[in-house]
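This report concerns only the one structure given below.
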Amino acid sequence: MNLDDSLTIIKGVGSQVLEKFKVLGVLTIEDLLTNYPRKYEDFSQVVSIINLNPGKSTIQAKVESVISRYGRRGFHMTEAVVADSSGKMNILWFNQPYRAASIKKDQEYYISGDFGLHNQKMSMINPSMELVSAFPLNTARIIPIYSETSGLKSIQIRKIVKNSLSYLDLISESLPEWIIKNYNLIPLKQAIEELHFPKSNEDLEKARSRIAFEELFDLSLAAQLNKKDLLLQPVIKIEFNQKLATEFVSKLDFKLTDEQKISAWQILKDMDKDRPMNRLLEGDVGTGKTVVATMAAVNTLKFGYQVALMAPTEILAKQHYKTIKDLLKPLKMDDKVGLLVGSMKPKDKAEAKDLFLAGKLNFMIGTHSIIQDSVKLPKLAMVVIDEQHRFGVNQRQNLLQKTGHMPHLLSMSATPIPRSLQLALFGDLDVSIIKSKPYSDLDIDTKIISLNQRSATYEKLKDVLKKKEQIYVVCPLISESPVMSFRAVEKVYKDLSEGVYKDYSVGILHSRLSTEEKEKVMEKFVSNEINVLVCTTIIEVGVNVPNATTIVIESAERFGLAQIHQLRGRVGRNHKQGSCYLLLDSSNKPSPRLLALENTFDGFKLAELDLELRGPGIIYGTLQHGKNNLDLQIADLTDIKMILLAKKAAEEFIEKGENLLQYVQLNERINRLRAITTLN
């Protein structure tokens, strides 16, 4: 017997059932045992018939009679009369013709279901029923409800899980004994059994706490080990030049906010240490993250070292290139800034690489192509990642091999990350936050529009176009889907360009276009050759288009709050009032979730609400471009108390010098998580 044995050795699992389990990602005994229920229904309290109250109930009774018949409308009904010492009652099943043959008269049954009024009589409708035993599966207990797939229901999964319980003896403890003792955790084997078949709500809570703690411990340990390894890497120490920083700030044509100053100070002090900086700079679109990063870069350039800034798209890289050259011009350092993007001519690329190698260009701006093998980075001391959240272990090792040292790393993100998510997932990052915008106190005017107001809203927005201002229209899908009824870019583009906006230039932008096509469309939108841009969330990470004052978000319920907040940050730039219209697919009352967007403009509050209502995937998936491989089944990433406990245990694990190789299961999980528990 082994935990990696195929499910087919379990009674009730043949080749066909195995194929259905594969849909759920369950292939082995271990997969089955760690495939925890998604929820529970409590039928554990067995009451006498006379004490039944409306709602979910369980009785223990004998069957006195069973009648099976078809009604006038062709549906089948099975009716049973059951009795205990306190009285009798009716049980009804609809369209279950097999039921009568399976019921044995004068036998004692547990019967669990909803007790209520039916045809002027109090009865149970379609209850679960099984013979009284010491281990009932579907009645008289807290019943586990599993994720299902076609042809594989919870009732069948419960039976198969029960048949596999003998394998629990193969489960070895995955945490050190001192952690289990110090943090009052129950053994892993017991926790797994209680999650599947809890004896009480108290036992279930203990089991959930044990597994949740371990899931969060794994995340925290992975992040802290990443940080520990990073601290051991050789680094170039960049001393803080206060005179230069003062000169840079004095020559700006705007005043830095206090949060910008604090963030810049934190970054500059990090780079003045004998360890690589690994910092995240968070701030909504328009809060001025680029100027803060440039201030730190200036300090690096002054000492003769080099800086690389990587953007996710060429057009954004070109925008950064122009912005940073303008910021450095008063210091006469703008001639040190170079651009390297894929669309450049081979000759221009080669020249840029040669100038960087020779040290004549010291600030290289581009896409991920900056760290390709042909680019030599002899004196690279700082890397800035703008919205490129997959700069991980391999890329770091690449830079280490190129330079012989680890550059200081600054990640910038406009996606607010809730504190609990920061603690659990990004423990290797120091975080700086900029909340206030330096140029405007104007919040984006946000309105929810019901389906019957949709056409009138688009008609009204002609006024925006008449003022020579521009509009984004964002849809959740590229093409119409037979499965999902959400608005699609291609259909909305056709409707608008041939209908209400036929006299204007309407553009289309989505991920299926080639890089060259996308760049061309965005360049036309930036230059106002395109008045209305119909697109997917591809513009989340986008360029600054000050003339775009309005954004329309179709099928708004489809998006996360943090995502909508970031999207609406695309408008209302450069002292102009921005407007955001959230279009619903129905005339129903909007959800409280969407209503929050009309009055809340703090991205961090919205991200916290998103995390609470929709779970970590909506935020983490955005950050990791869909790589949501956390495998959290039990842990709640809003439970800061549990996160802090797990974090403390992970810190103690490292301080004690524990050898991870001694814990086989833990080591496997940590190695996988180390690749994804960091933002960069």
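Here are the numbers for the structure shown:
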item	result
Cα-centre dipole for region 252-300 with unit charges at Cβ (Lys and Arg positive, Asp and Glu negative), debye to 20	140 debye
Rounded percent of accessible protein surface that carbon and sulfur make up, the chain, 1.4 Å probe	49 percent
List K402, K467, ordered by accessible area with a 1.4 Å probe, largest first	K467, K402
Additional length obtainable on full extension of the chain from D229 to T600, 0.36 nm per residue less Cα span	129.6 nm
Simple spin-label estimate for S250 and I262 in nanometres, 7 Å along Cα-Cβ	2.6 nm
Using alpha carbons only: equivalent-ellipsoid semi-axes of region 185-254, gyration tensor based, whole Å	52, 18, 7
Contact order normalised by residue count of region 436-506, Cα under 8 Å, 6+ apart, percent	17 percent
Extension reserve of the N184-E668 stretch, reckoned as 0.36 nm per residue once the Cα distance is removed	171.8 nm
Within region 11-93, chymotrypsin sites (Phe, Trp or Tyr not before Pro) in DSSP loop having at most 15 other beta-carbon neighbours inside 10 Å	F75
Cα-based reach from K104 at 14 Å (exclusive), listing aspartates and glutamates while leaving out same-chain residues under 8 positions away	E64, E79, E130
Gyration tensor over alpha-carbon atoms, the chain, equivalent ellipsoid semi-axes in Å	55, 34, 21
Stretch gain in nm, segment F135-Y40, where the contour uses 0.36 nm per residue and the Cα spacing is subtracted	32.5 nm
Cα centroid of region 1-75 to Cα centroid of region 225-277, whole Å	59 Å
Simple label model, 7 Å out from Cα along Cβ direction - D463 to L355, nm	4.8 nm
Heavy atoms of D602 accessible to a 1.4 Å probe, total area in Å² rounded to 10	40 Å²
From phi via Karplus (6.51, -1.76, 1.60), per-residue ³J(HN,Hα) for region 62-79 in Hz, x at Gly/Pro	9, 8, 9, 7, 9, 10, 10, 7, 9, x, 5, 8, x, 8, 9, 9, 10, 10
Stokes-Einstein diffusion coefficient of region 117-185, Kirkwood radius over Cα pairs, 25 °C, 0.890 mPa s, in µm²/s	153 µm²/s
Farthest toward positive dipole pole in the chain [+1 Lys/Arg, -1 Asp/Glu at C-beta], among I171, S154, S343	S343
Nearest-0.05 FRET efficiency for K162 and S102, computed from C-beta distance (R0 25 Å)	0.85
Calculated [θ] (222 nm, deg cm²/dmol) that DSSP helices of n ≥ 4 give over the chain, each run adding -39,500 (n - 2.57)	-11000 deg cm²/dmol
Efficiency of FRET from Cβ geometry, D443 and L613, R₀ 30 Å, rounded to 0.05	0.85
Sum of side-chain charges, P546 neighbourhood, beta-carbon under 9 Å (Lys, Arg +1; Asp, Glu -1)	+2
Charge sum, other residues only, whose C-beta stays under 13 Å from K641's C-beta, Lys/Arg counted +1 and Asp/Glu -1	+1
Size of charge dipole - the chain - debye, nearest 20, with Cβ of Lys, Arg +1 and Asp, Glu -1, no other charges	1160 debye
Förster radius 45 Å - calculated FRET efficiency between S150 and N51 (Cβ-Cβ, nearest 0.05)	0.70
Options S15, M89, I59, ranked by Cα towards positive dipole end of region 1-94, top entry (Cβ charges)	M89
Inter-probe distance in nm under a simple model that places probes 7 Å from Cα toward Cβ, at S586 and E202	4.3 nm
Pairs from K255/K520; K261/K524; K318/K360; K261/K647; K466/K524 whose Cα-Cα separation, in the structure shown, is over 25 Å	K255/K520; K261/K524; K261/K647
Region 453-490 versus region 76-117: alpha-carbon centroid distance in Å	55 Å
Cα pair distances in region 477-589, grouped into 5 Å bins until the bin that holds the longest one, percent each	2, 11, 20, 25, 23, 13, 5, 1, 0
Phi-based couplings in Hz for region 175-186 (Karplus 6.51, -1.76, 1.60; Gly and Pro marked x)	10, x, 4, 5, 5, 4, 6, 5, 10, 6, 9, 7
Residues in region 252-271 that a label on F303 would reach, taking backbone N under 18 Å of a point 7 Å out along Cα→Cβ	264-271
13 Å beta-carbon shell around D203, net charge (K/R +1, D/E -1)	0
20 Å Cα-Cα threshold exceeded, pairs from K329/K349; K302/K345; K379/K402; K289/K641; K11/K162; K251/K349	K329/K349; K302/K345; K289/K641; K251/K349
Accessible solvent surface per residue of the chain, calculated while the other protein chains remain in place, 1.4 angstrom probe, Å²	46 Å²
Per-residue SASA entry for T323, accessible area with 1.4 Å probe, Å² rounded to 10	60 Å²
Normalised contact order of region 1-103, rounded percent, pairs of Cα under 8 Å and 6 or more residues apart	17 percent
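The values are calculated or read from the model by the stated rules, or taken from the named source; none is laboratory data. Note that the coordinates shown come from a computational prediction; the quantities given were computed from them, not determined experimentally. Note that we place each Cβ from the backbone using ideal geometry, even for glycine, and neighbour counts take in every protein chain shown. Just so you know, the surface numbers come from the protein's heavy atoms only, side chains and all, with ligands and any DNA or RNA stripped out. Shrake-Rupley method; radii C 1.70, N 1.55, O 1.52, S 1.80 Å.
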